[in-house]
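Below you'll find the structure, written out as structure tokens, and then a few comments.
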Amino acid sequence: MLDTKNQLKQSISKVDAILEILDARLPVASANPFVNNLGKDKARLKVLNKTDLADPAVTQAWLDYFSQDLKIPAAAISGTVPGEAGKALQACVSQVQRNRARKIKVMVVGIPNTGKSTILNSLAGKKVAKTGNVPAVTRHQQRTSLANNIDIYDTPGILWPVIEPRERALALAVSGAISDTAVDYHELAFYAATLMIARYPEFLLARYDFLEEAALSRSQPDTSRLDASQFIDTVGRARGCLKKGGIIDYQKASELIIRDLRSGRIGRISYETPEDIEPANETEAHT
Ligand SMILES: Nc1nc2c(ncn2[C@@H]2O[C@H](COP(=O)(O)OP(=O)(O)O)[C@@H](O)[C@H]2O)c(=O)[nH]1
Ligand SMILES: [Mg+2]
């Protein structure tokens, strides 16, 4: 890991600006903790990507938090929407003193699955990087020359071990940053259900119309509301995730819920808010 940190340090020292790609639904958990430190003297833009999947109000709160509280320029985009990546790049390079004779070197950093390759392809206007909902498809650093005298460097998405808080690791796993073979769906579904029951109960009612409104009503005391296990159980039963003898297949039910959440079918959901982070003021503390 020290090695990869040194590599990152070297790569950063060679470029003029950093385009830091984050998942808008989890902009702290999806950040590489070393970039804050290694990139602090560089022109940099925090790109909150996949905003189409995130809660718009929470995304706005993150933009305010980064740009006003932390004084780090930030932009929210959907890399899959034509033109949006270009706007982010523009905002990033506008911070660099331009010397027209020299190329501007921009490095794209980000953990797996945040959308680096999608953004790179959008900037290049053609397919230069492989994309996919599979972590770490980019293996080597590659350079792409763009118009406007800009060279962009794509780095492999390296995932840093997130040890705590546990929620951060779980948010990462739900986002797809961690290989699906390495995740425990039941724990993920429990985490996701807890979050959605607390913050997005109306989305759950709309998606899973067999749920009883009273069971998710905010006006009910917590004890009479559906808890995460009961929720998974109810979804499993209603959607026919059953084993022999009519026993709920928790694995299947959990996978179904995670698939629904990942695809955006439940709604635009953010996993972290600035309030979740601020009390401990941890954002920069890890670096
Ligand atoms: N909904 C949505 N999906 C996106 C967006 N950007 C990328 N993706 C998807 O996220 C997955 C990972 O993207 P990719 O570019 O391969 O990520 P990388 O691992 O960082 O290079 C792919 O399935 C993309 O289609 C976005 O803005 N919105
Ligand atoms: Mg990639």
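The values are calculated or read from the model by the stated rules, or taken from the named source; none is laboratory data. Please read all numbers here as calculations on a predicted model, not as lab measurements. For neighbour counting, all protein chains shown are included, and Cβ atoms are generated from backbone atoms with ideal geometry for every residue, glycine included. Quick note on the areas: whole protein, heavy atoms, side chains included, nothing else; ligands and nucleic acids left out. Shrake-Rupley method; radii C 1.70, N 1.55, O 1.52, S 1.80 Å.
Against the test of being away from ligand 1 (no atom under 16 Å from the Cβ), open to solvent by 20 Å² or more (accessible area, probe 1.4 Å), modelled with pLDDT under 90 and polar (S, T, N, Q), the options Thr194, Thr181 yield a single qualifying residue, Thr181.
Counting just the residues of the stretch 146-168 that are among the aliphatic types (A, V, I, L, M) and surrounded by 20 or more Cβ atoms within 10 Å (Cβ to Cβ), which one comes out nearest to ligand 2 (Cβ to nearest atom)? Don't jump to the end; show me each part of the working.
Let us first name the residues in the stretch 146-168 that are among the aliphatic types (A, V, I, L, M), namely 146-147, 150, 152, 158-159, 162-163.
From the residues that got through so far, the ones that are surrounded by 20 or more Cβ atoms within 10 Å (Cβ to Cβ) too are 150, 152, 162.
Numbers: Ile150: 19, Ile152: 13, Val162: 19 Å.
Among those residues, the one meeting the criterion is Ile152.
Pairing residues of the stretch 221-237 that are under 13 Å from Ala198 (Cα atoms) with residues that are open to solvent by 40 Å² or more (accessible area, probe 1.4 Å) and in a helix (DSSP H, G or I), at Cβ distances under 9 Å and at least 6 apart in sequence or on separate chains, gives Arg225/Ala214; Leu226/Thr234; Asp227/Thr194; Ala228/Phe190; Ala228/Thr194; Phe231/Thr194. Would the stretch 15-31 turn up any residue that is over 17 Å from Tyr153 (Cα atoms), touching a strand residue (DSSP E or B) at 6+ places or on another chain (Cβ under 8 Å) and not in a loop (DSSP other than H, G, I, E, B)? Yes, the conditions are met somewhere in the stretch 15-31. Only a single item in (1) within 16 Å of ligand 2 (Cβ to nearest atom); (2) open to solvent by 20 Å² or more (accessible area, probe 1.4 Å); (3) not small (Gly, Ala, Ser) is not met by Val109, and it is number (2). In the stretch 13-33, is there at least one residue being of a type in the set (A, V, I, L, M, F, W, C) and open to solvent by 40 Å² or more (accessible area, probe 1.4 Å)? The answer is no; no qualifying residue exists. Screening the stretch 119-133 for residues that are within 23 Å of Val162 (Cβ to Cβ) and touching a residue at least 24 places away in the same chain (Cβ under 8 Å) and picking the one that is nearest to ligand 1 (Cβ to nearest atom) gives Asn133. The set of residues in the stretch 197-240 being in contact with a Ser or Thr (Cβ under 7 Å, 6 or more places away or on another chain) and in a helix (DSSP H, G or I) consists of Ala228, Ile232.
Restricting Val81, Val96 to those that are in a loop (DSSP other than H, G, I, E, B), away from ligand 2 (no atom under 16 Å from the Cβ) and within 24 Å of Lys40 (Cβ to Cβ) reduces the list to Val96. Scanning the stretch 87-135 for residues that are in contact with a helix residue (DSSP H, G or I) (Cβ under 6 Å, 6 or more places away or on another chain), of a type outside the set (A, V, I, L, M, F, W, C) and under 26 Å from Leu38 (Cα atoms) gives a single hit, Gly110.
Filtering the stretch 57-82 to residues that are charged (D, E, K, R) and more than 17 Å from Gln95 (Cβ to Cβ) leaves Asp64, Asp69. Annotation: Ser263 fulfils all but one of (1) within 18 Å of the chain's Cα centre (by Cα); (2) in contact (Cβ under 8 Å) with a residue 24 or more places away in the chain; (3) at negative phi; the unmet one is (2).
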